[in-house]
Amino acid sequence: MPIKPAKFVTVGLAGLGLAALFCGFAYITNSTTGLPLKWPPGLIPMRIMVDDVTLLSDGLTRAKSIQAAMVNSTRGWNPNLGNAQLSPTIVPVGSGGADDNHQNEIFYSDAPYSMAWETNTLAVTTAWYSSNQRIEADIIFNNSYTWDSYRGARRGSVVDIQRVALHELGHVLGLDHPDEAGQTVAAVMNSHVSDLDSLASDDITGAQRLYGPPGIPANNNFAAAVTINFSGTSTTVTGFNTNAYKEVGEPNHAGNSGGRSVWWKWTAPGPGSVSITTAGSVFDTTLGIYTGTTVAGLTAAATDTTLDDVQPGVVQSSVGTFTAIGGTTYSIAVDGFNNSDGRGADSGAITLNVSFTAFGTSTTTSTTASSTAPSTSSTTTSIATTTIPPTGGGSTTASSTAPSTSITTTSILPTGGGSSGGGGGGGAPSVWFLGALSLLVFARRLRPKAE
């Protein structure tokens, strides 16, 4: 039996009119590993099961407006993504299949999976994951609202399906609510709908940290390694390994086959001790540190035993330590862990922290990112919570009894006011696991602001 993934539900938004003060994207994370839940590279098929006949205010049908939120060249998610693409198919109108049916479906409902809609809920997004990987997601729109498709300012109680679809598709990709993580930014992914009707830079940056920007990384090849220069005792550099590939003759980093490696190089200013970590990266990394001038003729500078996960199976970032020789250039490869499931190496945004302490120095400056947790403030999820117990292997049917599996939820509301009904916010996600095979269910909802 496969491990069941967590389910989340997203719903309408509420207008906040906030200015972007700093990058505040947030992710839906695996509370065991601390890493974001994301799709493997490739196509993410989405079945659009809504009306494709009636024309709305902008000349689009409901189905075409949702499709545009995925593929439109100026407004959709796809043009901004590197190694994953939403792949919509418009099919006859329907109410969706059974939950956890291995289909990604978008439809309208009076009662999603036989559950009553919470007050002020526009739509819900449910998703299943296994480990750090998403394997199914559904978007359900609330039939009780008046829907249209238009651009610009909100039109009272008439809800723009496209901006809600943009938000819900962000949850499908793995993004959470930055405003409910204590951040103040302009973003479609905020928990309240606003006059913002297209993706903001914060939304795009968050998605690209999961799936990379379009194109192959400039430092894909050993010969094109990016040079790291710093004059102090530590520095942090960033990059991506999405769409990268392994070269002929390249070693397996940390003993894993990987397959999506990128390269940096650094020359030691003198003899000293070096620590290199990938803490802050958004995926399960492997790390290789070498000397040598060709990719097929490298010598390891750090042994495999020092290139393990910080906490194997829990905190999946890598650390390597070694003694540097002055004037020697060290090549640093970061790859993704490959678990041989046929989907290739893990990938995403990389944070590489380098710390150097010259011999004879009495103090050591630590790396600029923590080596005990891969997530930074940008990956913190702080949200209102409700509990939806699974029944019969993953149903979302509500229960008044304590569930065997607890889930973390966020809420997204439509315009027109109301509270989430999930209680007050605060705290990181809380999930109770049943041994190694855990069935998790959680819901995320988008809510509107009271006018």
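The values are calculated or read from the model by the stated rules, or taken from the named source; none is laboratory data. Remember, predicted model here, so these are calculated numbers, not experimental data. Glycine also receives a Cβ, built like all others from the backbone with ideal geometry; neighbour counts cover every protein chain displayed.
Numbers at a glance
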| read-out | value |
| --- | --- |
| Segment 29-69 - residue that is closer than 24 Å to A186 by Cβ and out of contact with any Phe, Trp or Tyr (no Cβ under 6 Å at 6 or more places or on another chain) and, of those, surrounded by the fewest Cβ atoms within 10 Å (Cβ to Cβ) | A68 |
| Cross-chain or 6+ apart pairs with Cβ under 9 Å, segment 41-57 first and over 26 Å from N101 (Cβ atoms), then among the hydrophobic types (A, V, I, L, M, F, W, C) and part of a strand (DSSP E or B) | L56/W147; S57/V158 |
| Residue count, segment 157-178 (criterion: more than 16 Å from the chain's Cα centre (by Cα) and either among the hydrophobic types (A, V, I, L, M, F, W, C) or at pLDDT below 95 (or both)) | 6 |
| Single condition A187 does not satisfy, out of (1) part of a loop (DSSP other than H, G, I, E, B); (2) closer than 30 Å to G288 by Cα; (3) touching a Gly at 6+ places or on another chain (Cβ under 8 Å); (4) not polar (S, T, N, Q) | (2) |
| Those residues of segment 288-297 which are surrounded by fewer than 19 Cβ atoms within 10 Å (Cβ to Cβ) and part of a strand (DSSP E or B), in sequence order | T291 |
| T119 farther than 14 Å from D138 by Cα and of a type in the set (S, T, Y) | yes |
| Residue check for A111: of a type in the set (G, A, S), surrounded by fewer than 18 Cβ atoms within 10 Å (Cβ to Cβ) and closer than 17 Å to G96 by Cβ | yes |
| Residue identified as assigned to a loop (DSSP other than H, G, I, E, B) and either touching a residue at least 12 places away in the same chain (Cβ under 8 Å) or under 25 Å from the mean Cα position of the chain (by Cα) (or both) among G97, G152 | G152 |
| From T242, T285, T278, T267, residue being modelled with pLDDT of 95 or more and either in contact with a Leu (Cβ under 9 Å, 6 or more places away or on another chain) or crowded, with 24+ Cβ neighbours inside 10 Å (or both) | T242 |
| Residue among L175, L210 that alone is touching a residue at least 12 places away in the same chain (Cβ under 8 Å) and farther than 17 Å from T285 by Cβ | L175 |
| Selection from segment 193-239 of residues that are out of contact with any Phe, Trp or Tyr (no Cβ under 9 Å at 6 or more places or on another chain), over 30 Å from G272 (Cβ atoms), modelled with pLDDT of 95 or more and crowded, with 17+ Cβ neighbours inside 10 Å | L196, A200 |
| Unique residue being modelled with pLDDT of 85 or more and either in contact with a strand residue (DSSP E or B) (Cβ under 9 Å, 6 or more places away or on another chain) or among the acidic types (D, E) (or both) when the list is A333, A369 | A333 |
| Residue match in segment 129-146 (condition: more than 27 Å from the chain's Cα centre (by Cα), free of Cβ contacts under 8 Å to residues at least 12 places away in the same chain, assigned to a loop (DSSP other than H, G, I, E, B) and exposed (fewer than 15 other Cβ atoms within 10 Å of the Cβ)) | no |
| Residue match in segment 104-118 (condition: within 23 Å of V193 (Cβ to Cβ), over 26 Å from the mean Cα position of the chain (by Cα) and not in a loop (DSSP other than H, G, I, E, B)) | yes |
| Selection count where residues are in a loop (DSSP other than H, G, I, E, B), within 17 Å of T286 (Cα to Cα) and β-branched (V, I, T), scope segment 213-269 | 1 |
| Matching residues in segment 72-89 - criterion: being touching a strand residue (DSSP E or B) at 6+ places or on another chain (Cβ under 7 Å) and surrounded by fewer than 17 Cβ atoms within 10 Å (Cβ to Cβ) | S87, T89 |
| Any pair with Cβ under 9 angstrom, 6 or more apart, that starts in segment 314-336 at a residue that is on the phi > 0 side of the Ramachandran plot and ends at one that is surrounded by fewer than 24 Cβ atoms within 10 Å (Cβ to Cβ) and part of a strand (DSSP E or B) | G327/T267 |
| Condition check for G255: within 19 Å of G320 (Cα to Cα), in contact with a helix residue (DSSP H, G or I) (Cβ under 9 Å, 6 or more places away or on another chain) and surrounded by fewer than 16 Cβ atoms within 10 Å (Cβ to Cβ) | yes |
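Condition check ((1) over 17 Å from T125 (Cβ atoms); (2) small (G, A, S); (3) modelled with pLDDT of 95 or more) across all residues:
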position	(1), (2), (3)
T29	no, no, no
P36	no, no, no
P40	yes, no, no
I48	no, no, yes
A68	yes, yes, yes
N72	yes, no, yes
